[in-house]
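> Here's a structure for you.
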Amino acid sequence: MSSHIAAEAARRRTFAVISHPDAGKSTITEALALYGRAISSAGAVHGKGDRKGVVSDWMSMEQDRGISITSAALQFEYRGCVVNLLDTPGHADFSEDTYRVLTAVDAAVMLLDAAKGLEPQTLKLFEVCRARRIPVITFINKWDRPAKDALELIEEIETRIGIKPTPVTWPVGVGGEFRGVIERVGFGDRRDGSETDGRRAAGPQAPGMVRYERSPGGQQLAVAEYLDEAAAADLFGPDFERAREESELLTEVEADFDPKTFEAGQTTPTLFGAALVQFGVGQLLDLLVDIAPSPFAREDAAGSPRELETGFSGFVFKSQANMNASHRDQLAFIRVCSGKFERGMQVTQAQSGRTMSTKYAQTMFGASRDTVEEAWPGDIVGLVNATGLSVGDTIYTGKAVEYPPLPAFAPEHFGALQMHDTSKAKRFRRGIAQLDAEGVVQVLYSERRGEATPVLAAVGPLQFEVTVARLAAEFDVPATIDNLPYQLARLTDADGAARLRTAPGVEVFSRPRDGAFLVALPNKYRIQTIVNDHPGLVLEPLLAGG
Ligand code: GDP
């Protein structure tokens, strides 16, 4: 059994695609799912004929709700690996959700729009990946359209983010003149010189080979063809010469792929492509299978790694109630960290010590759900009606374990939630507790306002809208929000909370979710005066990135 767990873990690749909105995340997700062989039977995508499959279901669900909730993960098989692609919301206001998803992955794919380069959301997400040492593969998308210069893009990433791109493909031409890419490393099965899918291999390591893709007349998708250097030079002339020179230059500046620095999060293997015509998507999947880390022993809250074979454990990285009208229930999404999950097993919730059954375990695939019988490290399991499980909670069997709490983002928006119909106070409290457990918004209380008026803290104002909309729709409690004049928050301790209780212009809150004390401030200048007025005060920044 033990070696079975290790073997199943070794063939898992669990990652998320992150990007600034509009860079092509939905497009590439669909393309990846089409490329891989979907495992889930219901709603599975088997080929191009079902192209509508995944994404449209997914999106109609989002539209129903008017917010980006989507599913949790797609799972598919590719070259003998099981690929788990976790979904992240696109909008910056939900970056806290994205952050939580990033705690559940072993690698990330950062998607850039070739014409725009680094955008605000890209910068923040890269920062989060770097802080968490998540290995990042970069995919520069939309190369079929006019784009920034490839070398400039590479330099921009290196200077602005401090992660060195190591291009594994290099583009020949751009926009309407996009000819293909030089593969600077061997991909997939072609690494050992064998043939794949009838495509001809060019040698053991194939730098210099050009993967040339073109759209067949009238059809949308690109068709791959391999050319050796002589043929490419013949066909593409100066475009190819230039690309080859640039590629050599990259070698000179030591921008060649290096597994060690990639795994340490210091370099980012970079691909050029066009998700819309599925150019480069196969290479991306090959790269994930070849180089992305498989699940490894995770550190618990005390910092000691839990070996993969130490019995089942996992943590909740996402929780969602009332996902749609036909499934009015609560789903807790678990990332399996160690051991084998078997449906029906009794697990212990680390935070409460309570045991619970896992009879209703599901995978999510687009809008449809399948019962899941077993799962391995790296997999995502949705537990239905897992009331009492909040985002960040750990569950396990056998040896006890508790994974570190999921850090909350620094809120930048604060609002007092007003409920006007006192006869609904009980429902109001239930709704607030539910949305807090899901991590939709941070719920705070101040002595000044009391229990009846919670204060909501958010990274983006859309989180407020979602809170109010869901309170009305799911709990039948109309509520309004009065914006408060605070723009940032700092953590303090009980002593600090007591000292600042009457300080002007600031407000002290307790956060029941983790028992923390937060000080909300109107601007950063006020931090300085507070510190000056209260020597020795504990005032710590929260995780930035909203
Ligand atoms: P998301 O907001 O990141 O999920 O972006 P979408 O996948 O919705 O894509 C945004 C827009 O860019 C859509 O109109 C796509 O058709 C388009 N798009 C995505 N990938 C490509 C590409 O490779 N080439 C071109 N020309 N357009 C693309």
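The values are calculated or read from the model by the stated rules, or taken from the named source; none is laboratory data. Just so we're clear, the structure is a prediction, and the values are computed from it rather than from any experiment. For neighbour counting, all protein chains shown are included, and Cβ atoms are generated from backbone atoms with ideal geometry for every residue, glycine included.
> Which residue is surrounded by the most Cβ atoms within 10 Å (Cβ to Cβ), if the candidates are limited to region 437-486 and must be among the small types (Gly, Ala, Ser) and on the phi > 0 side of the Ramachandran plot?
First, pick out the residues of region 437-486 that are among the small types (Gly, Ala, Ser): 437, 439, 446, 450, 452, 457-458, 460, 469, 472-473, 479.
Filter again for on the phi > 0 side of the Ramachandran plot, leaving 439, 450.
On the way: GLY439: 23, GLY450: 9.
Taking the candidates together, the pick is GLY439.
> From ALA375, ALA332, ALA361, ALA325, grab the single residue that is surrounded by 19 or more Cβ atoms within 10 Å (Cβ to Cβ), modelled with pLDDT under 95 and under 28 Å from LEU462 (Cα atoms). Let's see the steps before the verdict.
Values: ALA375 fails: under 28 Å from LEU462 (Cα atoms); ALA361 fails: under 28 Å from LEU462 (Cα atoms); ALA325 fails: surrounded by 19 or more Cβ atoms within 10 Å (Cβ to Cβ).
On inspection, the qualifying residue turns out to be ALA332.
> Is it fair to say PHE414 is surrounded by 14 or more Cβ atoms within 10 Å (Cβ to Cβ), assigned to a helix (DSSP H, G or I) and hydrophobic (A, V, I, L, M, F, W, C)?
Taking the combined requirement at face value, the residue does not satisfy it.
> In region 71-91, is there at least one residue being of a type in the set (Asp, Glu), at pLDDT 50 or above and away from the ligand (no atom under 11 Å from the Cβ)? Outline the logic, then answer.
Within region 71-91, the first condition is being of a type in the set (Asp, Glu), and the residues that meet it are 77, 87.
With at pLDDT 50 or above added as a condition, the list becomes 77, 87.
Now drop any that are not away from the ligand (no atom under 11 Å from the Cβ), which leaves 77.
Within region 71-91, one or more residues are of a type in the set (Asp, Glu), at pLDDT 50 or above and away from the ligand (no atom under 11 Å from the Cβ).
> Sticking with this structure for a sec: Can you list residue pairs whose Cβ atoms sit under 7 Å apart, with the first residue in region 115-135 being closer than 22 Å to ARG298 by Cβ and the second being among the β-branched types (Val, Ile, Thr)? Count only pairs 6 or more apart in sequence or on different chains.
Every condition considered, the pairs that remain are LEU125/ILE18; LEU125/THR98; CYS129/VAL136; ARG130/ILE163; ILE134/VAL105.
> Those residues that are outside any loop (DSSP other than H, G, I, E, B), surrounded by 13 or more Cβ atoms within 10 Å (Cβ to Cβ) and at pLDDT 90 or above, I need them from region 525-546; list them, please.
If the condition is that a residue be outside any loop (DSSP other than H, G, I, E, B), surrounded by 13 or more Cβ atoms within 10 Å (Cβ to Cβ) and at pLDDT 90 or above, then ARG526, ILE527, THR529, ILE530, VAL531 are the ones that fit.
> Sticking with this structure for a sec: Out of the helices (runs of 4 or more DSSP H) lying entirely within region 218-309, which hold 2 or more residues that are within 16 Å of the ligand (Cβ to nearest atom) and either surrounded by 15 or more Cβ atoms within 10 Å (Cβ to Cβ) or not aromatic (Phe, Trp, Tyr) (or both)? First the steps, then the outcome.
On the way: elements: 229-236, 238-252, 259-263, 281-291.
Correct list: 281-291.
> When you scan region 449-523 for strands (runs of 3 or more DSSP E) that lie fully inside it, which ones turn up with 1 or more residues that are within 15 Å of ALA408 (Cβ to Cβ)? Reasoning before the result, please.
Values: elements: 455-458, 479-483, 488-492, 507-511, 516-521.
By residue number, 455-458, 488-492, 507-511, 516-521.
> Could you please let me know if LEU462 is farther than 21 Å from GLY505 by Cα and touching a Gly at 6+ places or on another chain (Cβ under 7 Å)?
The answer is no for LEU462.
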